[in-house]
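The structure appears right after this line, and notes come after that.
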Amino acid sequence: MNADELLDRYEAGERDFSGVFLAGVNLSGVNLSGIMLQKANLRFANLRDAILADADLSEADLYEANLRGTVLRNANLAGAVLWLAEPLDAHLEHANLQDAKVASAQLSRAASLTGAVMPDGAKHL
């Protein structure tokens with residue numbers, strides 16, 4: 001699937017894109033609130049400044065995805081792979097990061113972690 005097809009289907013009301021292959025896709029600056037991308041392959045995707053609030057990215061592969069400025073408020077990232085080339089500079093308020101594969105050093109530069117459930121299960125205030 002490419003970015004145009006995803007955006008067309010999302011605009012038509014579809015929200016469940018579980019398991020899709022979107023490696024390397026450019027979705028910079030788009031609003032995909034409420035999208036379901038469980039187990040999706042988003043390796044090397046450009047999600048810079050995208051809005052993924054209330055999205056389900058559980059077990060998604062976001063290896064080296066660009067998440068700078070990405071809004072992930074209330075997003076489910078449980079079990080997601082977040083091995084990033086750069087720090088996770090995203091808005092993660094109330095996001096679920098339980099069991100996510102991410103280095104704490106990358107989380108240290110998050111725009112906000114208020115209320116997020118952290119990988120070790122501890123709540124960050």
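The values are calculated or read from the model by the stated rules, or taken from the named source; none is laboratory data. Fair warning: this is a prediction, and the values are worked out from it, not measured in the lab. Here Cβ is always computed from backbone atoms with ideal geometry, including for glycine, and neighbour counts include all displayed protein chains. Heads up: the accessible areas ignore ligands, DNA and RNA and are worked out on the full protein's heavy atoms, side chains in. Shrake-Rupley method; radii C 1.70, N 1.55, O 1.52, S 1.80 Å.
Miscellaneous remarks
- Tally, over the stretch 107-125, of residues that are modelled with pLDDT of 70 or more, under 22 Å from Val30 (Cα atoms) and not hydroxyl-bearing (Ser, Thr, Tyr): 1
- Extreme residue, surrounded by the most Cβ atoms within 10 Å (Cβ to Cβ), among residues of the stretch 71-106 that are among the polar types (S, T, N, Q) and modelled with pLDDT of 95 or more: Asn76
- Filter pass, Leu6 being open to solvent by less than 50 Å² (accessible area, probe 1.4 Å) and modelled with pLDDT under 95: no
- If you go through the stretch 9-42 and keep only what is among the charged types (D, E, K, R), in a loop (DSSP other than H, G, I, E, B) and either touching a residue at least 40 places away in the same chain (Cβ under 8 Å) or open to solvent by 70 Å² or more (accessible area, probe 1.4 Å) (or both), you end up with Arg15, Lys39.
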